[in-house]
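For reference, the structure is listed below as structure tokens.
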Amino acid sequence: MKNGSPTDDKQLVLLDARNLYETRIGKFHAPSVETLDPGIRQYSDLPSWIDDNSELLRGKHVLMYCTGGIRCEMASAYIRSKGAGFENVFQLYGGIQRYLEQFPDGGFFRGKNFVFDHRISVGSSDTSIMGACLICGSSYDNYSSRCRCTHCRILVLVCDSCQIKSDAYVCELCQKHRMDFGSIPSVEDGELATVLDKNDLKTVCSDSKISSQLPSRNEAKNSCAPPSGQHAPPPENCKRKYAWLVASDFGGKVEADWKIANQPFDPLQYQGQTDGFDVSLAYLKKMFSEQGPFDGILGFSQGAAMAALLCAQGDKLKGEIDLRFVILCSGFALPLADFGQKPINCPSLHIFGSDPGKDRQITSHTSRYLASRFEDGCSVIIEHEFGHIIPTRSPYMDNIKDFLRRFL
């Protein structure tokens with residue numbers, strides 16, 4: 001445990017700094033010690049939870065843990081910044097990952113540790129299952145099918161039997177906030193009840209106190225949008241989200257209140273997010289000036305589209321943003337003039353899901369077209385079968401390393 005060793009068990013509290021889809025399948029259970037699970041969709045929601053539940057932490061020895069320890073570094077600093085009563089915050093050194101290496105039997109950790117690579121989860125010699133199927137409630141902790149909430153897109157646990165009966169799900173958080181767009185699937189007497197309306201409406205609700213500069217996709221209309229007649233989460237949970245590029249009709253307003261979207265969610269909306277390049281470019285120029293130089297850029301999804309735009313403007317940006325290479329993961333070319341002119345001359349590595357459907361966010365032919373916009377001999381393509389992620393297993397990592405060695 002980092003930063004000392006608290007000794008008064010009566011004042012101990014365990015705080016899990018991970019997301020809900022991680023804590024579903026495994027967490028620490030220590031006798032006589034309360035474990036707090038914030039139940040958040042994403043890490044940027046954690047500061048709001050801390051603000052709303054600060055009295056649970058005040059005067060306590062807070063023992064924080066996450067997958068590898070990085071998130072705890074930032075979150076513990078945020079808690080200590082609250083001043084008196086919040087000084088005693090401790091972190092599990094190396095996170096759950098290192099703990100399981102030291103205690104192969106799991107120790108006080110129950111279930112599996114969610115990891116962000118092809119393995120999805122890693123367990124101990126203890127084979128107990130902590131998770132449960134969202135639909136029927138049976139013991140289940142396998143995310144390999146990558147089922148997601150129809151509305152907020154968070155990963156959900158759905159057993160094989162229930163997957164056969166439905167492909168539309170509402171996560172616990174959307175249910176909690178009464179975002180029940182239609183009927184929630186349930187299994188009764190072996191039959192599946194009526195399922196959801198499959199219009200894929202998304203929200204843009206998050207908090208950015210810990211890292212306001214981390215880019216995220218901006219959703220259509222910049223609105224939190226439950227369909228007509230449905231209840232929405234409280235307005236205070238709807239906060240700004242950041243993006244490299246936004247829709248052309250984005251007015252720059254921050255809506256504190258929910259409003260009804262005038263159209264269903266468009267899964268191709270990212271192709272229409274073409275405004276805001278000048279603002280993002282100015283930010284990047286500032287970063288390069290203050291913290292550069294950098295050899296290259298790695299961009300993921302919309303970040304890859306932004307990075308490709310920088311490459312397309314290479315001559316115009318010379319001396320301000322000079323790149324030796326670019327890595328574009330699940331990237332796409334935006335319908336802008338820069339992509340329709342001469343081929344892009346910059347060494348590039350393109351990483352994306354292989355067959356149509358493997359990447360449910362950005363299709364493979366979209367990423368393949370972006371690669372074709374680079375000069376012959378400039379681009380290297382790595383196709384994988386794991387969807388909207390960056391693969392970390394062999395041979396993919398070996399190929400990535402081979403590309404990077406060219407610039408050492």
Seminar exercise, completed: With the 8 Å Cα cutoff and a minimum separation of six or more residues, segment 18-159 has a relative contact order in percent of 23
Problem set entry | Ranked by how many other beta carbons lie within 10 Å on average, peptides 30-36, 301-307 from highest | 301-307, 30-36
Exercise. On average, how much accessible surface per residue is there in segment 67-189, in Å², for a 1.4 Å probe, leaving out ligands, DNA and RNA?
Worked result: 47
Exercise. Amide H to amide H under 5 Å from SER121: which residues, 5+ apart in sequence or cross-chain, H placed 1.01 Å off N in plane?
Worked result: VAL115
For this session: Taking the Cα centre of segment 274-405 as origin, work out the dipole magnitude from +1 charges on Lys and Arg Cβ and -1 charges on Asp and Glu Cβ, in debye rounded to 20.
Result: 80
Problem set entry | In Hz, Karplus ³J(HN,Hα) per residue of segment 53-69 (6.51, -1.76, 1.60; θ = phi - 60°; x = Gly, Pro) | 10, 4, 5, 6, 10, 4, x, 9, 8, 8, 9, 9, 8, 8, 5, x, x
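Only Lys, Arg, Asp and Glu count, each charged at its Cβ (+1, +1, -1, -1), so figure out the dipole size of segment 278-327 about its Cα centre, rounded to 20 debye.
Values: 5 positive and 6 negative charges, 7 e Å.
So the dipole magnitude of segment 278-327 works out to roughly 40 debye.
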Exercise. Say the cut-off is 19 Å between C-alpha atoms; which of LYS112/LYS165; LYS286/LYS316; LYS165/LYS358 go over it?
Worked result: LYS112/LYS165; LYS165/LYS358
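The values are calculated or read from the model by the stated rules, or taken from the named source; none is laboratory data. These numbers were taken from a predicted model, which means no experiment stands behind them. Every residue, glycine among them, receives a Cβ derived from its backbone with ideal geometry; neighbour counts consider all protein chains shown. With ligands, DNA and RNA removed, areas are computed over all heavy atoms of the protein, side chains included. Shrake-Rupley method; radii C 1.70, N 1.55, O 1.52, S 1.80 Å.
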